[in-house]
Amino acid sequence: MADDFPPFSAAARHSHLAALAGETWDLLVIGGGITGAAAARDAAGRGLRVALVDAGDVGRGTSSRSSRLIHGGLRYLETYDFRLVFEASAERRRLLELATHLVHPLPFLFPVYRGGPVGYRMLQAGMWLYDGLSLFRNIARHRMLPRARALDEEPNLRADGLVGAAVYYDAAVDDARITLANARGAHEAGAAVVPHAEVVGFLRDGKGIAGARVRDCLREGAQPVEVRARAVLNATGPWSDAVRRLADPGAVPRLRPTKGVHIMLRRDRVGNEHAITFRSPVDGRVMFVLPWGEFSYVGTTDTDYAGSPAEVRAEPEDVRYLLDSANFIFPSAKLTEADVVSTWAGIRPLLAPARGGDGGLAASATSREHEIWRDRGGLLNIAGGKLTTYRVMAAQVVDAAVRGLKEEHGVESGISPTEHLPLPGDPRGPWEPFRDRVVREAVDAGLGADTGEHLARAYGEDAEHVLSRVRGDDALAGRLMEGHPYVWAEVVHAVRAEMALTLEDVLVRRLHLFYEAADGGLAVAEAVARRMAAQPGIGWSDADVAVQVDGYRAAVRETRGFGGRAA
């Protein structure tokens with residue numbers, strides 16, 4: 001929490017909402033995912049008057065349902081997309097410096113099997129190219145391992161047909177929290193950030209789009225307010241075409257949405273030491289087994305999706321595909337549906353190939369490049385892209401908005417400030433000494449070392465604010481659930497400093513009990529809701545608490561039940 005700014009709190013959201021209709025904004029950003037949040041931060045940092053709205057929580061869609069990777073994109077070498085790999089590698093290096101607490105080096109082991117589509121020498125050549133496209137400034141250079149050495153490093157790996165392996169480096173990220181950090185950065189730069197506020201229509205003047213009608217989703221029966229803006233950016237990811245049709249019912253769809261599903265498992269059931277890159281035996285798709293503390297997750301699928309983004313979920317066939325793939329690479333695990341702790345599914349807002357130009361292209365082969373364009377009426381849009389390159393995407397789309405603002409309204413602004421600007425919470429120093437200090441302070445405050453490690457990774461320098469709440473109230477030092485590092489102080493912090501407004505906001509995206517607890521956190525859901533109800537900006541009644549818990553129970557049920565474990 002920077003002392004120079006009012007807290008990024010639930011109460012601040014309500015004051016931001018009240019301010020929406022009070023002025024004409026330079027830029028209204030629709031969509032609080034990673035691209036929209038980063039664009040709002042970039043634009044506000046240039047001195048523009050910015051408002052950011054989203055129908056749900058910050059990062060509630062694709063941005064918190066990814067593979068949780070900041071990576072150069074090794075598999076894009078197969079499609080000769082060298083420019084994307086070069087750009088993504090540069091952004092990986094930058095984010096490792098600007099978000100030290102959220103982005104961490106991650107070694108990957110890529111095994112090679114006899115008869116596979118990529119041989120040992122070809123993989124070695126690809127590794128040199130991958131390192132070269134990072135200008136040999138990756139975390140470390142790759143290593144090639146003969147068969148025996150590969151099995152030493154990854155003893156549970158499938159041995160049958162194994163030729164050898166490569167070890168290379170990318171990075172892991174908490175996707176929900178890096179999105180939240182960008183939204184908070186926008187707030188600290190002066191933007192009005194209003195989650196749970198849906199655009200239900202657009203305003204027009206003689207020149208075209210002049211703002212939007214925005215409805216408060218947290219207040220039943222709330223009437224939309226008119227939010228006037230000189231420029232409007234649609235950064236709603238998989239909802240992009242729906243928002244475009246709201247502005248122009250005749251808008252031609254631009255997206256080819258594809259579904260990506262992951263399953264969460266206990267790491268000791270899988271048996272992986274590294275992150276593993278491999279090809280699914282089912283369809284040859286490149287996929288991952290990725291470590292996440294005491295858990296591992298497997299993903300991802302890549303299939304066309306025609307439904308509502310709000311209703312996407314893992315289906316039984318998705319879970320079976322991922323289990324079959326994981327069992328191939330770790331045959332001794334013998335994983336079943338009963339081992340699945342949780343699932344998540346997201347929609348990639350990929351751009352459809354030009355009409356007549358897809359040639360039956362597989363979903364996984366569809367380009368991950370992004371595109372920026374204006375529709376009739378002036379609505380500015382951005383879609384496509386990948387999490388790793390979010391900062392570049394945001395800077396480019398704000399550049400486009402700035403050009404229009406200057407030409408049409410004479411509004412001047414500076415250049416993008418984000419290339420060297422640390423994200424909120426970044427410790428601004430070497431990671432290991434910082435982490436060790438937070439762990440010591442957590443232990444001194446009566447917390448476990450695992451909680452200290454978690455606080456350092458989740459909050460960075462703001463871990464001190466959580467610890468200060470613990471020191472001030474012993475009741476906040478207890479764990480929410482045994483076996484998990486989360487403490488009650490984090491619930492208070494989520495509302496007062498991270499703009500959490502619903503039970504799902506806290507348990508799904510501020511903490512991760514939703515995915516990591518066997519019951520999804522249902523055992524403490526009501527207690528968490530009651531703790532939230534007592535915080536400024538919430539004020540729920542008993543009936544409101546019951547509604548929150550019922551909604552949360554339904555959300556948990558949708559991510560479980562693949563083997564008799566339905567909540």
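The values are calculated or read from the model by the stated rules, or taken from the named source; none is laboratory data. Note that the coordinates shown come from a computational prediction; the quantities given were computed from them, not determined experimentally. Cβ atoms come from the backbone with ideal geometry, glycine included; neighbour counts cover every protein chain shown. The protein model used for the area step is the full one, side chains on, heavy atoms only, and it has no ligands, DNA or RNA in it. Shrake-Rupley method; radii C 1.70, N 1.55, O 1.52, S 1.80 Å.
If the requirement is being modelled with pLDDT under 95 and touching a helix residue (DSSP H, G or I) at 6+ places or on another chain (Cβ under 9 Å), which of these qualifies: Ala533, Ala566?
On the way: Ala533 fails: modelled with pLDDT under 95.
Going through Ala533, Ala566 in turn, the sole match is Ala566.
So is Ser9 of a type in the set (S, T, N, Q) and under 17 Å from the mean Cα position of the chain (by Cα) or not?
Numbers: of a type in the set (S, T, N, Q): yes; under 17 Å from the mean Cα position of the chain (by Cα): no.
It is false that Ser9 is of a type in the set (S, T, N, Q) and under 17 Å from the mean Cα position of the chain (by Cα).
Can you tell me which residue among Val392, Val398, Val411 is more than 22 Å from the chain's Cα centre (by Cα) and on the phi < 0 side of the Ramachandran plot? Break it down stepwise before answering.
Values: Val392 fails: more than 22 Å from the chain's Cα centre (by Cα); Val398 fails: more than 22 Å from the chain's Cα centre (by Cα).
Going through Val392, Val398, Val411 in turn, just one is more than 22 Å from the chain's Cα centre (by Cα) and on the phi < 0 side of the Ramachandran plot: Val411.
Checking the structure you have, find out if any residue of segment 175-183 is touching a helix residue (DSSP H, G or I) at 6+ places or on another chain (Cβ under 7 Å) and of a type in the set (Asp, Glu).
Scanning segment 175-183, I find at least one residue that is touching a helix residue (DSSP H, G or I) at 6+ places or on another chain (Cβ under 7 Å) and of a type in the set (Asp, Glu), so the answer is yes.
Can you tell me which residues in segment 466-499 are under 30 Å from Asp54 (Cα atoms), charged (D, E, K, R) and assigned to a loop (DSSP other than H, G, I, E, B)?
Glu498
If only one of Asp542, Asp519 is among the charged types (D, E, K, R), open to solvent by 20 Å² or more (accessible area, probe 1.4 Å) and without any contact (Cβ under 8 Å) to a residue 12 or more places away in the chain, which one is it? Before the answer, list the steps.
Numbers: Asp519 fails: without any contact (Cβ under 8 Å) to a residue 12 or more places away in the chain.
None of the others qualify; the one that does is Asp542.
Kindly indicate whether Glu490 is open to solvent by less than 30 Å² (accessible area, probe 1.4 Å), closer than 30 Å to Asp216 by Cβ and touching a residue at least 60 places away in the same chain (Cβ under 8 Å). Steps first, answer last, please.
Details: open to solvent by less than 30 Å² (accessible area, probe 1.4 Å): yes; closer than 30 Å to Asp216 by Cβ: yes; touching a residue at least 60 places away in the same chain (Cβ under 8 Å): no.
In short, no.
Looking at segment 554-567, is at least one residue hydroxyl-bearing (Ser, Thr, Tyr), touching a residue at least 60 places away in the same chain (Cβ under 8 Å) and open to solvent by less than 50 Å² (accessible area, probe 1.4 Å)?
Our first condition is that a residue be hydroxyl-bearing (Ser, Thr, Tyr); within segment 554-567, this holds for 559.
Narrowing further to those that are touching a residue at least 60 places away in the same chain (Cβ under 8 Å): 559.
Those still in the list that are open to solvent by less than 50 Å² (accessible area, probe 1.4 Å) too: 559.
Yes; the residues of segment 554-567 include at least one that is hydroxyl-bearing (Ser, Thr, Tyr), touching a residue at least 60 places away in the same chain (Cβ under 8 Å) and open to solvent by less than 50 Å² (accessible area, probe 1.4 Å).
Being at pLDDT 95 or above and either among the hydrophobic types (A, V, I, L, M, F, W, C) or touching a helix residue (DSSP H, G or I) at 6+ places or on another chain (Cβ under 7 Å) (or both) is the filter here; which residues of segment 370-384 pass it?
Ile372, Trp373, Asp375, Leu379, Leu380, Asn381, Ile382, Ala383 - these are the residues of segment 370-384 that are at pLDDT 95 or above and either among the hydrophobic types (A, V, I, L, M, F, W, C) or touching a helix residue (DSSP H, G or I) at 6+ places or on another chain (Cβ under 7 Å) (or both).
Kindly indicate which of Thr336, Thr343 is of a type in the set (S, T, N, Q), open to solvent by less than 50 Å² (accessible area, probe 1.4 Å) and at pLDDT 95 or above.
Values: Thr336 fails: open to solvent by less than 50 Å² (accessible area, probe 1.4 Å).
Result of the check over Thr336, Thr343: Thr343.
For the structure I just gave you, tell me whether Ala442 is crowded, with 21+ Cβ neighbours inside 10 Å and without any contact (Cβ under 8 Å) to a residue 40 or more places away in the chain. Spell out the reasoning first.
Numbers: crowded, with 21+ Cβ neighbours inside 10 Å: yes; without any contact (Cβ under 8 Å) to a residue 40 or more places away in the chain: yes.
In short, yes.
For Gly56, only one of the following conditions fails: (1) in a loop (DSSP other than H, G, I, E, B); (2) at pLDDT below 95; (3) open to solvent by less than 10 Å² (accessible area, probe 1.4 Å). What is its number?
Exception for Gly56: condition (2).
What's the number of the condition Val252 fails, among (1) open to solvent by 50 Å² or more (accessible area, probe 1.4 Å); (2) in contact with a strand residue (DSSP E or B) (Cβ under 7 Å, 6 or more places away or on another chain)?
(2)
Are any residues in segment 385-399 over 21 Å from Arg177 (Cα atoms) and buried (at least 22 other Cβ atoms within 10 Å of the Cβ), and if so, which ones? Lay out the reasoning, then the answer.
Here is the first cut: in segment 385-399, the ones over 21 Å from Arg177 (Cα atoms) are 396-399.
Correct list: Val397, Val398.
Starting from segment 114-139, keep only residues that are under 17 Å from Arg75 (Cβ atoms), then list their pairs with residues that are part of a loop (DSSP other than H, G, I, E, B) and among the polar types (S, T, N, Q) whose Cβ atoms are within a distance under 7 Å, requiring at least 6 positions of separation or different chains.
From residues that are under 17 Å from Arg75 (Cβ atoms), the pairs are Asp131/Asn138.
Of everything in segment 400-437, what is of a type outside the set (S, T, N, Q), open to solvent by less than 70 Å² (accessible area, probe 1.4 Å) and in a helix (DSSP H, G or I)? Give them in sequence order.
Ala400, Ala401, Val402, Gly404, Leu405, Trp431, Phe434, Arg435, Asp436
So which strands (runs of 3 or more DSSP E) are wholly in segment 177-249 and hold at least 3 residues that are open to solvent by 10 Å² or more (accessible area, probe 1.4 Å), of a type outside the set (Phe, Trp, Tyr) and in contact (Cβ under 8 Å) with a residue 12 or more places away in the chain? So that I can check it myself, show each step before the final result.
Numbers: elements: 192-194, 197-205, 208-216, 225-234.
Fully inside segment 177-249 and qualifying: 197-205, 208-216, 225-234.
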